1. Please state the relative contact order of the chain as a whole percent: Cα pairs under 8 Å, 6+ residues apart?
2. Show that you can apply the helix-only estimate: for the chain, add -39,500 (n - 2.57) for every DSSP H stretch of four or more residues, divide by all residues, and state [θ] at 222 nm to the nearest 500.
3. Specify whether the C-alpha gyration tensor of segment 1-56 places it in the rounded, prolate or oblate class, a ≥ b ≥ c being the square roots of the eigenvalues: rounded for a/c under 1.5, otherwise prolate if a/b is larger than b/c and oblate if not.
4. Between segment 34-103 and segment 165-224, how many Å separate their Cα centres?
5. Could you work out the Rg to Rh ratio of segment 85-138, with Rh taken as the Kirkwood radius (inverse of the mean 1/r over all Cα pairs)?
6. Can you run the Rg to Rh ratio on segment 2-138? Use alpha carbon positions and the Kirkwood inverse-distance Rh.
7. Using only the Cα atoms, work out Rg/Rh for segment 141-213, with Rh taken as the Kirkwood radius, to two decimals.
8. Put a dot 7 Å past each Cα toward the Cβ at Val218 and Ser106; how far apart are the dots in nm?
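Bear in mind that the values in this text are calculations on the coordinates, not laboratory data. Just so you know, these numbers come straight off a predicted model, no measurement behind them. Cβ sites come from the backbone with ideal geometry, for glycine too, and all protein chains shown count toward neighbours.
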Amino acid sequence: MSTAAPGDLRTRLDTLIRHTPMGSRVADIGAGDGQLALALARRGAPLVIATELHDGAYSRLVHRLGGDGRVACRQGDGLACLGQDEVDVAVVAGMGEYTIGRIVSSGLVRAARLQRLVLQPMARTAYLRRLLSRIELPLTGEDLAWEGGRFYQVLIVEPGRPALSWDPERSPLGPALSHRQDEGARAWRREVKKVWRERLALTPEAKRQVLARMLAQVESLDPP
Ligand SMILES: C[S@@+](CC[C@H](N)C(=O)[O-])C[C@H]1O[C@@H](n2cnc3c(N)ncnc32)[C@H](O)[C@@H]1O
């Protein structure tokens with residue numbers, strides 16, 4: 001696959017930055033190497049908190065950012081290490097949709113008081129969209145990024161604002177992204193259709209064989 005972005009899609013980091021309003025106090029939850037936190041601080045955010053869950057990842061984050069007085073590092077699970085109303089925006093990016101869903105739903109009281117959440121799951125988003133609707137966090141925007149030859153979806157949540165109206169049956173790829181008419185979005189939908197066609201083409205026997213191979217592999221990892 002070509003690495004040139006289809007249309008004018010931006011990189012993942014640029015897209016996350018673009019959806020973080022200038023002047024807002026930001027938490028980067030699960031900040032990893034801290035690149036986003038640093039970029040937001042350099043852009044002039046009045047407060048940037050970069051968080052990590054586990055000891056090793058937190059130590060690496062502190063090592064990388066600790067000397068930079070513009071970013072505060074915190075260790076903790078999801079939104080739990082933030083004070084009430086301490087930030088305006090939380091970015092939760094680069095994790096699986098179930099992890100992001102758990103972070104948002106277990107921190108729902110804090111999440112609902114934020115101005116915005118910028119969520120970027122690594123691959124699938126269907127569960128996360130359904131969860132947001134169930135826990136009444138309004139999905140107000142969607143975007144795409146392109147990096148390293150793959151697409152990433154970005155979901156914007158703005159508590160207190162009206163959610164995009166959405167019929168999952170008619171718009172299975174999300175209220176905005178199902179219908180966006182630019183080259184980037186069309187290229188993304190072509191990619192999704194290709195993957196779905198490949199899955200659909202698997203006969204029941206082929207599906208059985210794939211499952212049997214995976215099961216045999218997992219069984220071989222834990223011999224009796
Ligand atoms: C793949 S990295 C992504 C880093 C960065 N956010 C990005 O988008 O490039 C995911 C990070 O999330 C952290 N993480 C996972 N679950 C977390 C949680 N519940 N609370 C805080 N951090 C978490 C992991 O330790 C890991 O460093």
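1. 18
2. That comes out to -11500 deg cm²/dmol.
3. Judged from the Cα gyration tensor, segment 1-56 comes out oblate (a/c at least 1.5, b/c at or above a/b).
4. Computed from Cα coordinates, the inter-centre distance equals 31 Å.
5. Here Rg/Rh amounts to 0.93.
6. Using only Cα positions, Rg/Rh for segment 2-138 is 0.96.
7. With Rh from the inverse mean 1/r over Cα pairs, Rg/Rh is 1.09.
8. For Ser106 paired with Val218, the spin-label model returns 2.2 nm.
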